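Okay, structure first, notes after.
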Amino acid sequence: MGALATSLIVFTVLFGGAMFGMFLRSRLPEHHLSEESKRVVNLGAGIIGTMAALVLGLLVASAKGNYDTQNNEVLDATAKIALLDSVLAQYGPGSRSTREQLRQTIVHGVDRL
């Protein structure tokens with residue numbers, strides 16, 4: 001389902017809910033329409049909004065933590081591979097085939113990522 005279809009569904013549900021609320025308002029007894037009842041409803045909506053913001057904030061923080069962890073692991077692996085290549089280069093021309101095999105392995109690993 002595309003973004004446009006999702007947007008239309010959300011709009012339709014919200015608009016339908018608003019229309020149902022307008023219809024229901026005319027059917028409610030008068031004591032449900034008092035200022036105190038309105039304040040309670042506003043307070044409940046505020047609490048729900050605050051909880052939703054907290055949950056979204058925690059979700060974003062968790063996703064960022066996972067991204068940072070993976071990023072640090074990739075950087076660490078890259079540094080270790082560069083060190084290994086440097087050490088192999090010190091062995092001279094005899095390690096050329098090993099270094100070439102290491103490069104090919106890294107290319108295949110990067111393609112998988």
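The values are calculated or read from the model by the stated rules, or taken from the named source; none is laboratory data. Worth saying up front: this structure is predicted, and the values here are computed from it rather than measured. Heads up, the Cβs are rebuilt from the backbone with ideal geometry, glycines too, and the neighbour counts pull from every protein chain shown. Just so you know, the surface numbers come from the protein's heavy atoms only, side chains and all, with ligands and any DNA or RNA stripped out. Shrake-Rupley method; radii C 1.70, N 1.55, O 1.52, S 1.80 Å.
Taking the square roots of five times each eigenvalue of the Cα gyration tensor of the stretch 34-99, the equivalent ellipsoid has semi-axes of 61, 6, 4 Å, listed largest first. Surface composition of the chain: carbon and sulfur make up 68 percent of the accessible area, probe 1.4 Å. Quotient of the Cα radius of gyration of the stretch 1-41 and 2.2 N^0.38 Å, N being its number of residues: 1.66.
Counting only whole DSSP H helices of the chain, the ones at least 15 Å long by C-alpha along their axis and with mean Kyte-Doolittle hydropathy no lower than -1.0 are 3-27, 35-90.
Roughly how many Å² is the accessible area per residue of the chain, as a whole number, for a 1.4 Å probe? If you can, show how the numbers build up before the last one.
Values: 9820 Å² over 113 residues.
Per residue, the chain has an accessible area of 87 Å².
Each listed q (0.13, 0.33 Å⁻¹) maps to a log10 I(q)/I(0) for the stretch 68-113 from the Debye sum over equal C-alpha point scatterers, namely -0.33, -1.14. On the basis of the beta-carbon distance and an R0 of 22 Å, Met22 and Thr50 show a calculated FRET efficiency of 0.25.
Per residue, how much space in cubic angstrom lies within the convex hull of the C-alpha atoms of the chain? Don't skip to the answer; put the middle values down first.
Numbers: hull volume 12.9 nm³, N = 113.
With only Cα atoms used, the chain gives 114 Å³ per residue.
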